Amino acid sequence: MSSFPKEAFESLTRTVRQTLMFKGRSPARDAGYFWICVMLLADAVEAASRLLPWDAAVIGRLCAQSFLCLPIFALFARRLHDHNWSGWWALMLPPLVAFNAYRTVQVTFALLDPNWPNMPDAGAWASLLAPVVILSMVIMFLPGTIGANRFGPDPREGAHGAHRAPAVE
């Protein structure tokens, strides 16, 4: 029997438990499992919000986005540490989250109430933030440095310090 469900559950619980821990390193696997979970939960929130009045749907979506994004900041800082970079670079995420919240409100108002006045378009900001999004994705999903670095031991190493071979894709 595959250990995938157990590994995914352990990874998700570790990520959520470490929501306020910005020290140490996290493997790319944690970012992948968390991203999949957030996408599934976002779809569930989207489906549930269609059953609510439009104002409650907007508030619900924004609250869900905020709640789901909280662990991302610490996870991103630990992923930066895994690449041997300062965790302070995680401060590039708040503009992405703010832009995402703005677009959510903009799209939600347009879809749920066609008579709602148009909000200003954020086209120039989207162009400026696109390289940040791409860089963030690369950092989150590419493997970090092999072996210990200044932020701690390699999270891919086993309990006895022997380096585990990467999973075959």
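Just to be sure before I move on: is Asp55 modelled with pLDDT of 90 or more and acidic (Asp, Glu) in the structure I sent? Here the answer is no, as Asp55 does not meet what is asked.
Taken as a whole, the condition of being more than 17 Å from the chain's Cα centre (by Cα) and not hydrophobic (A, V, I, L, M, F, W, C) applies to Pro5. Listed by first and then second residue, the pairs with beta-carbon distance under 9 Å, at least 6 apart or on different chains, first residue in the range 40-63 and within 21 Å of Leu12 (Cα to Cα), second surrounded by 15 or more Cβ atoms within 10 Å (Cβ to Cβ) and of a type in the set (S, T, N, Q), are Ala42/Gln65; Val45/Gln65. Output yes when any residue across the range 28-38 is touching a residue at least 60 places away in the same chain (Cβ under 8 Å) and under 18 Å from Ser66 (Cβ atoms), and no when none is. Looking through the range 28-38, at least one residue is touching a residue at least 60 places away in the same chain (Cβ under 8 Å) and under 18 Å from Ser66 (Cβ atoms). The set of residues from the range 76-91 being loosely packed, with under 15 Cβ neighbours inside 10 Å and in a helix (DSSP H, G or I) comprises Trp88, Leu91. Does Ala42 satisfy being in contact with a Cys (Cβ under 9 Å, 6 or more places away or on another chain) and in a helix (DSSP H, G or I)? The answer is no for Ala42.
Condition check: in contact with a Leu (Cβ under 8 Å, 6 or more places away or on another chain) and either assigned to a helix (DSSP H, G or I) or surrounded by 15 or more Cβ atoms within 10 Å (Cβ to Cβ) (or both). Does Phe73 satisfy that? It is true that Phe73 is in contact with a Leu (Cβ under 8 Å, 6 or more places away or on another chain) and either assigned to a helix (DSSP H, G or I) or surrounded by 15 or more Cβ atoms within 10 Å (Cβ to Cβ) (or both).
The values are calculated or read from the model by the stated rules, or taken from the named source; none is laboratory data. This one's a predicted model, so the numbers in the text were calculated from it and none came from an experiment. Cβ atoms come from the backbone with ideal geometry, glycine included; neighbour counts cover every protein chain shown.
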